[in-house]
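Here is the structure we will look at, set down as structure tokens.
The values are calculated or read from the model by the stated rules, or taken from the named source; none is laboratory data. This structure is a prediction, so every number in the text was calculated from the model and none was measured. Ideal geometry is used to build each Cβ from the backbone, glycine not excepted, and the neighbour counts take in all protein chains shown.
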Ligand code: SF4
């Protein structure tokens with residue numbers, strides 16, 4: 001059994017959360033540059049140029065890419081031969097989020113009771129933590145700062161199997177159309193299909209970890225991703241919602257077996273500030 005001190009988890013989460021907030025991943029920068037090359041709307045191109053300039057300034061000056069530094073979504077793959085000493089894994093993750101908020105001067109965006117007092121927790125914790133037990137003794141941690149503008153526009157539907165692929169595509173396209181400019185386009189789409197209601201939602205989030213421009217390894221699902229991308233871009237919402245050819249920079253779809261009578265579909269929208277960072281222990 002490999003022992004890992006929980007302070008290492010805290011340090012890694014803090015580093016990743018700050019890194020994600022100060023620098024867009026290279027694949028996201030490449031997707032924005034590619035969009036700039038093919039966007040037909042002059043205003044759309046101006047928005048894309050501004051986003052690229054903003055990303056360069058954020059990285060060089062170590063300032064947040066966006067004022068909404070996000071809710072800390074943390075997805076951890078924990079090797080079953082690893083164990084943690086000096087505190088629980090979940091507490092160590094929350095401590096890392098709080099440390100990042102303090103060291104990086106990030107915005108505290110979490111309220112304790114959504115139903116009633118809505119008091120700010122003051123340190124951006126707790127994280128939304130998802131864990132998966134995997135083989136080996138390594139621990140991989142991915143951090144996605146998730147802004148509310150795009151998260152709020154996400155949707156889930158329990159479709160009927162008879163709705164089929166066309167019903168699935170229609171639901172995703174309708175979700176983007178209803179969202180309009182709210183999720184700060186150009187967007188990325190994480191789509192989760194199958195499982196149960198909760199599994200579909202998690203799949204849609206995990207899908208957002210896939211680097212832009214990387215199709216699903218399954219050829220049929222890759223074609224489905226392309227079909228969705230074409231339909232969404234035909235909406236003409238464009239960068240910033242000012243109209244244009246590039247509304248969406250990429251679609252990542254993940255599926256899981258489901259009940260014979262079910263077709264759960266979750267759409268998690270990610271804004272242009274598609275922040276994520278991954279590290280391992
Ligand atoms: S949706 Fe994204 S880009 Fe827009 S305000 Fe929120 S975090 Fe920032």
If you go through 216, 272, 233, the only one that is within 19 Å of the chain's Cα centre (by Cα) and without any contact (Cβ under 8 Å) to a residue 60 or more places away in the chain is 216
Spot the failing condition for residue 128; the list is (1) under 22 Å from residue 271 (Cα atoms); (2) crowded, with 20+ Cβ neighbours inside 10 Å, and only one is missed.
(2)
For residue 13, which of the numbered conditions (1) under 18 Å from residue 279 (Cβ atoms); (2) within 16 Å of the ligand (Cβ to nearest atom) fails to hold?
(2)
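Just to be sure, is residue 257 surrounded by fewer than 21 Cβ atoms within 10 Å (Cβ to Cβ), out of contact with any helix residue (DSSP H, G or I) (no Cβ under 6 Å at 6 or more places or on another chain) and in the same structural domain as residue 268 (by TED's automatic domain parsing)? Write out each step before concluding.
Values: surrounded by fewer than 21 Cβ atoms within 10 Å (Cβ to Cβ): yes; out of contact with any helix residue (DSSP H, G or I) (no Cβ under 6 Å at 6 or more places or on another chain): yes; in the same structural domain as residue 268 (by TED's automatic domain parsing): yes.
For residue 257, the condition - surrounded by fewer than 21 Cβ atoms within 10 Å (Cβ to Cβ), out of contact with any helix residue (DSSP H, G or I) (no Cβ under 6 Å at 6 or more places or on another chain) and in the same structural domain as residue 268 (by TED's automatic domain parsing) - is met.
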So, in segment 17-62, of the ones that are closer than 17 Å to residue 146 by Cα and out of contact with any helix residue (DSSP H, G or I) (no Cβ under 7 Å at 6 or more places or on another chain), which residue ends up nearest to the ligand (Cβ to nearest atom)?
21
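Evaluate segment 159-169: report whether one residue or more is farther than 27 Å from residue 280 by Cα, under 19 Å from the mean Cα position of the chain (by Cα) and away from the ligand (no atom under 15 Å from the Cβ).
Kept after step one, since they are farther than 27 Å from residue 280 by Cα, are these residues of segment 159-169: 159-169.
Still in the running and under 19 Å from the mean Cα position of the chain (by Cα): none.
No, there is no match, as no residue in segment 159-169 is farther than 27 Å from residue 280 by Cα, under 19 Å from the mean Cα position of the chain (by Cα) and away from the ligand (no atom under 15 Å from the Cβ).
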Filter result (surrounded by fewer than 23 Cβ atoms within 10 Å (Cβ to Cβ), within 16 Å of the ligand (Cβ to nearest atom) and either closer than 17 Å to residue 281 by Cα or within 15 Å of the chain's Cα centre (by Cα) (or both)) within segment 65-97:
66, 68, 71, 73
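Residues checked against (1) assigned to a helix (DSSP H, G or I); (2) within 28 Å of residue 201 (Cα to Cα):
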{"residue": "44", "(1), (2)": "yes, no"}
{"residue": "66", "(1), (2)": "no, yes"}
{"residue": "72", "(1), (2)": "no, yes"}
{"residue": "91", "(1), (2)": "yes, yes"}
{"residue": "109", "(1), (2)": "no, yes"}
Among the numbered conditions (1) within 11 Å of the ligand (Cβ to nearest atom); (2) at negative phi; (3) touching a residue at least 40 places away in the same chain (Cβ under 8 Å), tell me where residue 152 comes up short.
(3)
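So how many residues does segment 223-281 have that are more than 16 Å from the ligand (Cβ to nearest atom), touching a strand residue (DSSP E or B) at 6+ places or on another chain (Cβ under 7 Å) and assigned to a loop (DSSP other than H, G, I, E, B)? Give the steps one after another, and end with the answer.
The first filter runs over segment 223-281 and keeps only residues more than 16 Å from the ligand (Cβ to nearest atom), leaving 223-236, 243-245, 251-266, 278-281.
Next, only the ones that are touching a strand residue (DSSP E or B) at 6+ places or on another chain (Cβ under 7 Å) stay: 224-225, 228-229, 232-233, 251-258, 262-266, 278-281.
If we keep only those that are assigned to a loop (DSSP other than H, G, I, E, B) as well, we get 262, 281.
Qualifying residue count for the region: 2.
Taking the condition within 16 Å of the ligand (Cβ to nearest atom), closer than 26 Å to residue 47 by Cβ, modelled with pLDDT of 95 or more and assigned by TED's automatic domain parsing to the domain that holds residue 172, does residue 211 pass?
Details: within 16 Å of the ligand (Cβ to nearest atom): no; closer than 26 Å to residue 47 by Cβ: yes; modelled with pLDDT of 95 or more: yes; assigned by TED's automatic domain parsing to the domain that holds residue 172: yes.
When the stated conditions are applied, residue 211 does not pass them.
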Look through 29, 4 and report the one residue that is at pLDDT 95 or above and out of contact with any strand residue (DSSP E or B) (no Cβ under 7 Å at 6 or more places or on another chain).
29
Name every residue in segment 183-208 that is assigned to a loop (DSSP other than H, G, I, E, B) and either assigned by TED's automatic domain parsing to the domain that holds residue 129 or surrounded by fewer than 16 Cβ atoms within 10 Å (Cβ to Cβ) (or both), in order of residue number.
196
Whether any residue in segment 113-132 is within 16 Å of the ligand (Cβ to nearest atom), part of a helix (DSSP H, G or I) and out of contact with any helix residue (DSSP H, G or I) (no Cβ under 7 Å at 6 or more places or on another chain) is what I want to check.
no
Has segment 133-149 got any residue that is part of a helix (DSSP H, G or I) and either at pLDDT below 95 or surrounded by 16 or more Cβ atoms within 10 Å (Cβ to Cβ) (or both)?
yes
